[in-house]
Amino acid sequence: MTSRPALSQRLDRWIHGFYPLSLEGLGLYRIFFAGYVLLRFVPSAVWVSKFPKSMYAPAPASFALAFDSFPSVWFLGALDLFLVFSLIALLFGYRTRMTSCFVTIAFLAVNNFRYALGKIDHDILVVLLPLCMAASGWGERYSLDAHQREVPVARAARSWPITAMAALLSFGYFTAGFPKALSWLDFDFDTSGTRGWVLRGFFVNDREHLLLPEMVKLESPLFWEVLDYAGIVFELAFIPLLARPRWWRRYLVIACLFHVANGCMLNIAFAGLVAVYALFFDWDGLARGLSSRVVAVLRCMFTPLGTAAFATFYLAVFLINWGAPGRFGFGVLPLIPSGLPRLLFDIGLQLATALGLTLSIWRWPGSHRTSS
Amino acid sequence: MVGPREGRWVRAGFLAGALFLVGQFALTLTFREHYPAMVLPAGRSKVHHGRVPTITRYELTAETQAGDARTVDPHEILADVPSHVRSWVLARRFGLDRPQPDPVSIRWLRSRVESRVGTPVRMLRVEQVRRPIRPQDSELEAEVLKTWSIPLAGDGHD
């Protein structure tokens with residue numbers, strides 16, 4: 001007679017077996033994460049320095065409360081550079097554990113001042129991810145750390161940070177879905193929450209692209225009620241699916257398609273989350289599939305010379321617009337005209353992520369050891 | 001796989017983290033506080049299909065030194081603030097709703113208003129108004145929810 005494993009054993013199996021990646025896979029993801037954030041959008045805090053003291057309203061418990069007004073442009077500029085250099089160091093895997101913590105600290109510092117006007121954006125998962133992954137060993141391969149070590153260190157990859165990110169992402173969706181459920185789940189066909197978003201987006205926020213103008217004309221209460229409930233079910237389903245890691249990963253494809261649909265219907269795409277979703281790509285399969293030539297190129301890149309070349313290129317391209325009116329950060333995004341081009345860019349990123357996840361799950365079905 | 005000692009710490013960390021997050025979220029719900037949305041907005045407002053959909057907006061009127069009233073577009077005054085942040089600044093009345101407003105902030109706002117109006121101003125009136133969202137409903141009257149005035153002459157003390 002076999003006895004069921006104890007609760008603590010099952011919990012351990014879930015924590016350490018949700019989605020294990022090898023050091024090679026983690027190294028590739030680190031490069032993707034830092035590269036994606038650097039190239040798409042790195043926030044800047046410099047632009048808030050011109051606002052007066054009266055508008056300074058940091059959130060409760062924010063470390064910005066230690067200041068009584070917006071800091072000077074020099075202080076905020078130094079913070080911006082600290083963030084950019086930390087991300088570049090993370091990309092190249094220089095003292096990766098420490099750098100990962102620095103990225104989160106710098107992100108939090110920049111955001112604390114950016115959000116001191118009162119509005120807090122929804123990017124906390126991207127901010128916390130490097131801190132969480134610092135313990136995973138994502139700097140042990142394809143990095144300056146590995147390059148500089150004469151004798152390779154036989155460290156094992158830790159997978160609990162990946163489980164922690166999955167749990168945080170699910171909790172984040174829950175905190176968005178639960179308050180909506182309390183209000184929208186009213187079985188009253190006379191009211192709709194989604195329609196409110198559509199009307200506000202079109203008439204107030206001047207969003208007018210793709211399907212949004214057609215959505216404004218739709219009057220069917222049944223259609224809007226179904227959309228309300230679908231949104232709530234979608235956001236609340238992440239938590240129960242955590243018990244089934246393989247299904248949870250499949251559900252991420254639906255999440256990307258949800259963002260694509262939102263991009264088309266509401267003109268909001270949330271492509272910052274791609275950096276988090278991509279953690280669940282099959283990075284091990286990709287690492288195994290890399291040809292020796294690509295590995296050699298990667299090894300060449302992760303030298304002090306390669307790092308210096310990239311840092312020079314990045315600073316030359318993206319610091320040109322530093323602090324210019326309407327530029328609220330670095331990367332490609334602030335250079336793309338707002339409106340339809342930027343929306344299509346973000347929708348394209350979500351579609352690419354959906355494709356990447358789909359290939360990860362169905363192309364190499366036996367390549368992962370997830371417990372389902 | 002981690003060792004048994006580290007495993008215990010990780011397990012304890014997961015349980016403590018879950019307890020902290022869920023507890024904090026439950027507290028904010030209990031006290032009807034705003035919980036910062038981590039992934040997506042948690043907006044819970046609704047529109048009624050049979051009624052005219054409305055939106056709360058902020059409308060600014062500057063009173064010139066000559067006594068004229070001039071409408072000011074708040075988006076022009078806050079052009080260098082990201083568009084989704086402007087209503088938050090307006091809802092906080094530029095932070096000038098205190099008994100002793102900061103003179104530097106008063107001067108900052110006055111220079112912005114005057115550069116739009118083109119003449120010296122002595123007062124800025126802010127109205128929080130509930131208006132129909134759609135242009136086809138614009139003949140319906142707007143409902144003024146709140147009005148407040150920000151004195152801009154003499155650093156706000158007169």
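The numbers here are math on the coordinates, done by the rules we state, and not lab data. Quick caveat: nothing in here was measured; it's all calculated off a predicted structure. Methodologically, a virtual Cβ is constructed for each residue, glycine included, from the backbone with ideal geometry; neighbour enumeration extends over all protein chains shown.
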With a point put 7 Å past each Cα toward its Cβ, work out how far A:Asp186 is from A:Trp74 in nm, to one decimal. 5.5 nm
A:Lys50: which lysines have alpha carbons under 18 Å from its alpha carbon, excluding same-chain residues fewer than 8 sequence positions away? A:Lys119
Applied in sequence order to the stretch B:56-67, the curve 6.51 cos²θ - 1.76 cosθ + 1.60 (Karplus, θ = phi - 60°) yields integer Hz couplings, x standing for Gly and Pro, of 8, 10, 10, 10, 10, 10, 9, 9, 6, 4, 7, x
Net charge near B:Glu6 (other residues with Cβ under 12 Å of its Cβ; Lys, Arg +1; Asp, Glu -1) is +3
Any lysines with Cα under 22 Å of the A:Lys217 Cα? List them, leaving off those in the same chain fewer than 8 positions away. B:Lys46
Packing-based ranking, highest mean first, of A:104-111, B:103-110 given that Cβ atoms within 10 Å are counted: A:104-111, B:103-110
Selected from B:Ala12, B:Ala79, B:Ala37 as most flexible by GNM, with chain B as the system and alpha-carbon contacts under 10 Å: B:Ala12
Given backbone amide H placed at 1.01 Å from N, residues whose amide H is under 5 Å from that of A:Ala157, ignoring those fewer than 5 places away on the same chain, are A:Leu23
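Taking each residue of A:121-131 in turn, how many C-beta atoms of other protein chains fall within 10 Å of its C-beta, and what is the average?
2
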What net charge is computed for the residues neighbouring A:Arg114, neighbours being all others with C-beta under 12 Å from the C-beta of A:Arg114, Lys and Arg scored +1, Asp and Glu -1? -2
Under the rule that an exposed site lies in a DSSP loop and has at most 16 other Cβ atoms within 10 Å, name the longest stretch of chain A with no GluC sites (Glu not before Pro) of that kind, not counting the sites themselves. A:220-372
Virtual paramagnetic centre 7 Å along Cα→Cβ of A:Leu344, amide N under 11 Å, in the stretch A:200-216: A:210
The stretch A:120-222: relative contact order from alpha carbon pairs under 8 Å, six or more residues apart, as a whole percent, is 21 percent
Using modelled amide H (1.01 Å from N, peptide plane; none on Pro or chain starts), what sits under 5 Å from the amide H of B:Arg122, excluding residues fewer than 5 places away? B:Glu63, B:Thr64, B:Gln65
Pairwise over distinct Cα atoms, reciprocal of the mean inverse distance: report the Kirkwood radius of the stretch B:98-158 in Å, one decimal place. 13.5 Å
Over the Cα atoms of the stretch A:178-240, Rg to Rh with Kirkwood Rh, two decimal places? 1.00
Shielding of A:183-196 by other chains, given as the mean Cβ count within 10 Å, works out to 4
To two decimal places, what compactness ratio does the protein assembly as shown give when its Cα radius of gyration is scaled by 2.2 N^0.38 Å? 1.06
Test item: Cα-centred dipole of the protein assembly as shown, Lys/Arg +1 and Asp/Glu -1 on Cβ, debye: 1680 debye
Output the peptides B:118-129, A:114-125 sorted from most to least packed, where packing is the average of other Cβ atoms within 10 Å over each peptide's residues. A:114-125, B:118-129
On a C-alpha basis, how far is the centre of the stretch A:67-84 from the centre of the stretch B:38-108 in Å? Whole number, if you could? 26 Å
Simple label model, 7 Å out from Cα along Cβ direction - B:Ser45 to A:Ile254, nm: 3.0 nm
Shielding score for A:66-77, defined as the mean number of other chain Cβ atoms within 10 Å: 0
Among A:Gly289, A:Asn112, B:Ala91, flag the residue with its Cα farthest along the positive direction of the charge dipole of the protein assembly as shown, charges on Cβ as +1 for Lys/Arg and -1 for Asp/Glu. A:Gly289
Please work out how much length the chain gains when fully extended from B:Thr28 to B:Thr56, using 0.36 nm per residue of separation minus the C-alpha to C-alpha distance, in nm with one decimal. 7.6 nm
